[in-house]
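Here's the structure, in structure tokens; my notes come after.
The values are calculated or read from the model by the stated rules, or taken from the named source; none is laboratory data. For clarity, every value in this text was computed on a predicted model and none was experimentally measured. Note: ideal-geometry Cβ built from the backbone for every residue, glycine included; neighbour counts use all protein chains shown. Ligands, DNA and RNA are excluded from the accessible area calculation, which covers all protein heavy atoms including side chains. Shrake-Rupley method; radii C 1.70, N 1.55, O 1.52, S 1.80 Å.
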Amino acid sequence: QVQLVESGGGLMQAGGSLRLSCVVSGRTFSSYVMGWFRQAPGKERVFVAAISRRSASTSYADSVKGRFTISRDNAKNTVYLQMNSLKPEDTAVYYCAADVYGALPTKPDEYDYWGQGTQVTVSS
């Protein structure tokens, strides 16, 4: 059974930084492409960032390019999302996801496993 557990969310003022973590248990972590998504109240879940199995490639939504950085540590079974220069519009529940077969997918239905989410709130 694969389990994903996010942490690191919280309340932050605009311009601040947060780092989200997601620990994955179960099958070999390095076999997954990992992604981060977010969902604001009343809106669909949208792609934020993805990273390939050995960190060779990354992909970002235009809305976070230059501000967010995705990384992973395969020895710790953990993927991170460093979020800098936070804006109120970054407020959402952030989810990490694992994809067994794909190559940096950006659609939620392309991912196989999901965490429970962590709330990020950015005040103006």
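The table below gives the values:
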item: For the stretch 55-124, the fraction of alpha-carbon pairs in successive 5 Å shells from zero, as %; result: 3, 13, 22, 28, 21, 9, 3, 0
item: Contact order normalised by residue count of the chain, Cα under 8 Å, 6+ apart, percent; result: 36
item: Accessible-area composition of the chain, carbon plus sulfur, in percent [1.4 Å probe]; result: 47
item: Rh by Kirkwood over Cα pairs, then Stokes-Einstein D for the stretch 1-47 at 0.692 mPa s and 37 °C, µm²/s; result: 252
item: Computed over the stretch 7-56: relative contact order in percent, which uses C-alpha pairs under 8 Å that are six or more apart; result: 27
item: Per principal axis, descending, Cα span of the chain in whole Å; result: 40, 27, 23
item: Computed E for Val46/Gln1 - FRET, C-beta separation, R0 41 angstrom, nearest 0.05; result: 0.90
item: Solvent-accessible heavy-atom area per residue, rounded to whole Å², over the chain at 1.4 Å; result: 50
item: Inter-label distance for Arg54 and Lys107, nm, one decimal - labels placed 7 Å from Cα along Cα-to-Cβ; result: 2.9
item: Ellipsoid semi-axes in whole angstrom, largest first, where each is sqrt(5λ) of the Cα gyration tensor of the stretch 32-74; result: 21, 12, 7
